[in-house]
Ligand code: ZN
Ligand code: FE
């Protein structure tokens with residue numbers, strides 16, 4: 001008795017070896033039918049006896065390829081067509097593509113096995129890959145994902161590779177970047193040579209999957225110091241690539257969750273508590289960022305004798321975007337790298353390493369890029385396309401197609417010309433891949449009138465636009481991830497900088513409401529006057545001048561124990577005269593002010609450094625004190641808090657203890673305010689988002705203090721401005737639900 005099923009699979013099922021997998025499953029069970037790629041996933045027709053059919057269906061989900069992600073599986077009984085065997089049908093294209101573009105995948109175990117098998121044709125070949133692994137997004141130039149549309153197009157397959165590419169039973173069936181030493185691209189010079197140089201203390205520029213890295217021996221303090229000097233990167237931590245999990249364990253404490261992230265298909269950089277001292281790698285930081293090899297080349301380097309712990313940092317000068325084109329890399333890195341290891345396969349677009357942490361509320365993505373982008377993170381309630389252009393710092397964009405919100409790779413700070421170019425290119429790329437005319441989308445942008453991203457949106461003549469307030473977008477990003485359109489929440493956005501409804505700088509905001517009804521600002525940090533605008537974000541003492549101006553009496557902060565530099569006095573004068581000062585409710589800036597009072601009085605060398613330093617020194621303290629940080633009407637009054645900090649410091653209390661007490665005070669004030677708002681508005685859920693919530697110590701304090709309410713944080717997009725575009729897209733969708 002023959003029965004048949006018609007199956008529709010949605011999710012990441014193209015470019016990940018899904019069709020050959022289905023083919024093998026069906027053939028193993030002597031079932032007939034076909035499998036085909038469609039615009040919206042994979043379609044299967046299968047027929048045969050009832051028992052093997054049932055086994056086929058259960059294995060379809062249980063054994064699917066490692067890189068595949070099945071989001072839905074619709075199975076319908078249908079008429080048997082009397083087919084004799086099972087085939088892979090060529091895909092047809094008749095509508096708008098909504099199939100997912102797979103993120104880049106790490107080299108799989110089988111390929112690593114072949115890489116080190118002397119009898120294999122691809123022995124020691126740095127471009128080995130198969131349908132289960134290898135580059136995707138970083139080699140795709142346009143859709144459909146065929147070899148001719150990838151950066152491998154210039155290398156014709158030889159007979160050996162072609163036979164595998166065309167054999168449905170082979171692991172390399174339709175593996176678009178497939179190649180072998182006889183027909184594919186190469187790396188120059190020899191890997192052994194570079195491994196030797198790294199061992200000897202050289203700095204090497206290495207072309208990877210989504211860009212160039214600068215690499216050196218992480219245990220060689222002198223070399224790492226030289227790298228900092230040449231790269232103009234004074235203190236910002238470097239990531240380390242460890243040869244394997246054991247090598248990673250020698251420098252960081254890996255919880256089981258952290259290890260899961262480390263070995264996950266995205267192979268991100270994982271921030272974990274440092275247990276070894278690697279001087280110069282991450283100065284004044286409790287954590288180290290560690291990742292595992294993900295390209296075959298990395299495995300080759302370690303096997304050839306490179307040090308087991310390598311600094312692997314984005315190849316650029318200072319905060320420029322990562323170099324990914326050969327000529328540009330040669331030029332920009334010539335004064336930094338002692339040698340280059342360069343592969344011939346072009347990189348289609350810049351894709352940085354992703355950065356994650358196993359946080360107290362679950363995994364947090366701090367930079368969402370390689371391995372995650374351009375994956376979909378949520379389904380939004382809208383069929384028509386939406387483009388959300390994000391914010392100007394840590395930019396990433398979101399494109400909504402068929403309700404799927406695809407979030408781009410990390411693009412960076414748009415005040416760099418190169419990043420702005422990437423921003424435009426990324427929008428053009430994703431729109432082209434999904435066959436969308438940007439001018440026909442609903443465009444969401446930040447409410448900041450001076451953002452470059454806002455200017456881009458305003459330039460799109462013909463497009464319908466929505467301006468979204470920065471901190472509402474942060475909160476919406478949390479709710480969009482959970483597809484919670486009706487849940488009423490207290491939304492808390494503690495952040496660095498964002499343009500507020502009243503034109504002032506916000507960043508310490510409490511909202512109540514839901515995605516459907518909108519968010520009302522109900523409480524905020526007491527406003528302070530920030531002297532000198534943007535420069536204040538780089539000078540904690542300048543921030544301090546703005547906040548401290550509101551205290552009734554102050555000691556001389558330029559003397560001991562504070563030792564504030566002259567910049568403080570200048571700032572204080574500006575505030576006094578009301579010159580070049582800007583009103584702010586930013587909690588990020590409050591952290592900076594306290595960091596200054598506790599001892600961070602110099603200029604920062606990267607964004608968020610003073611707050612990170614404050615968290616770092618607070619971690620060392622076990623005291624339990626807390627400062628007053630009262631709610632006064634609709635504001636949180638920071639004055640008693642700062643008075644107490646100044647006083648404590650004067651009487652010689654340890655900076656670590658003050659920093660610890662400050663964290664606890666912020667957590668307590670947040671929890672107290674949120675509890676009151678929950679009660680007053682009958683809400684039981686608190687959503688947290690904004691750059692300040694990258695602070696693990698603060699989150700762990702909050703977790704202790706708010707055991708009875710549900711706390712929602714970001715998991716799929718960053719709590720920093722990297723998550724803004726998702727929130728913008730979600731708010732735009734809700735505003736135009738019926739259109
Ligand atoms: Zn493979
Ligand atoms: Fe923000």
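The values are calculated or read from the model by the stated rules, or taken from the named source; none is laboratory data. What you see is a predicted model, and the numbers here were worked out from it, not measured in a lab. Here the Cβ is made from the backbone with ideal geometry for all residues, glycine too, and neighbour counts use every protein chain on show.
For segment 61-82, check the following and say yes or no: at least one residue is part of a helix (DSSP H, G or I), in the same structural domain as residue 34 (by TED's automatic domain parsing) and farther than 20 Å from residue 170 by Cα. Full working, then the answer.
From segment 61-82, those part of a helix (DSSP H, G or I) are 61-62; that's our starting set.
Filter once more, keeping what is in the same structural domain as residue 34 (by TED's automatic domain parsing): 61-62.
If we keep only those that are farther than 20 Å from residue 170 by Cα too, we end up with 61-62.
Yes; the residues of segment 61-82 include at least one that is part of a helix (DSSP H, G or I), in the same structural domain as residue 34 (by TED's automatic domain parsing) and farther than 20 Å from residue 170 by Cα.
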Subset of segment 497-519 that is within 14 Å of residue 688 (Cα to Cα) and surrounded by fewer than 23 Cβ atoms within 10 Å (Cβ to Cβ) - its residue that is nearest to ligand 1 (Cβ to nearest atom): 514
Tally, over segment 621-641, of residues that are over 21 Å from residue 509 (Cα atoms) and in contact (Cβ under 8 Å) with a residue 40 or more places away in the chain: 2
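How many residues, within segment 642-658, are in contact (Cβ under 8 Å) with a residue 24 or more places away in the chain and either in a loop (DSSP other than H, G, I, E, B) or over 20 Å from residue 563 (Cα atoms) (or both)?
Step one: list which residues in segment 642-658 are in contact (Cβ under 8 Å) with a residue 24 or more places away in the chain, which gives 642-643, 645-646, 649-650, 652, 654-658.
Now restrict to residues that are either in a loop (DSSP other than H, G, I, E, B) or over 20 Å from residue 563 (Cα atoms) (or both): 652, 654.
Going through segment 642-658 one residue at a time, the tally reaches 2.
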Any hit, segment 31-50, residues being surrounded by 18 or more Cβ atoms within 10 Å (Cβ to Cβ) and part of a helix (DSSP H, G or I): no
Residue match in segment 456-467 (condition: touching a residue at least 40 places away in the same chain (Cβ under 8 Å) and buried (at least 23 other Cβ atoms within 10 Å of the Cβ)): no
Whichever residue in segment 145-167 is surrounded by fewer than 17 Cβ atoms within 10 Å (Cβ to Cβ) and assigned to a loop (DSSP other than H, G, I, E, B) and, among such residues, is nearest to ligand 1 (Cβ to nearest atom): 167
Selection status of residue 142, under 21 Å from residue 211 (Cβ atoms) and more than 16 Å from ligand 2 (Cβ to nearest atom): yes
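Which residue is surrounded by the fewest Cβ atoms within 10 Å (Cβ to Cβ), if the candidates are limited to segment 109-119 and must be part of a helix (DSSP H, G or I) and in contact (Cβ under 8 Å) with a residue 60 or more places away in the chain?
Just the residues of segment 109-119 that are part of a helix (DSSP H, G or I), to begin with: 109-115.
Filter once more, so that each one left must be in contact (Cβ under 8 Å) with a residue 60 or more places away in the chain: 110-112, 115.
Details: 110: 13, 111: 23, 112: 17, 115: 20.
If we take residues in segment 109-119 being part of a helix (DSSP H, G or I) and in contact (Cβ under 8 Å) with a residue 60 or more places away in the chain, then 110 is surrounded by the fewest Cβ atoms within 10 Å (Cβ to Cβ).
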The one condition in (1) touching a strand residue (DSSP E or B) at 6+ places or on another chain (Cβ under 6 Å); (2) closer than 15 Å to residue 712 by Cβ; (3) surrounded by 24 or more Cβ atoms within 10 Å (Cβ to Cβ) that residue 476 fails to fulfil: (1)
Residue within segment 16-30 that is in the same structural domain as residue 84 (by TED's automatic domain parsing), assigned to a loop (DSSP other than H, G, I, E, B) and modelled with pLDDT of 90 or more present: yes
Residue, surrounded by the most Cβ atoms within 10 Å (Cβ to Cβ), within segment 628-656, restricted to residues that are under 34 Å from the mean Cα position of the chain (by Cα) and more than 29 Å from residue 709 (Cβ to Cβ): 655
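Among 122, 136, which is the only one that is surrounded by 17 or more Cβ atoms within 10 Å (Cβ to Cβ), closer than 25 Å to residue 34 by Cβ and either modelled with pLDDT of 90 or more or in the same structural domain as residue 302 (by TED's automatic domain parsing) (or both)?
Numbers: 122 fails: closer than 25 Å to residue 34 by Cβ.
Just a single option satisfies the conditions, and that option is 136.
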Matching residues, segment 539-556, being in contact (Cβ under 8 Å) with a residue 24 or more places away in the chain and either out of contact with any helix residue (DSSP H, G or I) (no Cβ under 9 Å at 6 or more places or on another chain) or in a loop (DSSP other than H, G, I, E, B) (or both): 539, 549, 550, 551, 554, 555
Residue 442 within 16 Å of ligand 2 (Cβ to nearest atom), touching a residue at least 40 places away in the same chain (Cβ under 8 Å) and in contact with a strand residue (DSSP E or B) (Cβ under 8 Å, 6 or more places away or on another chain): no
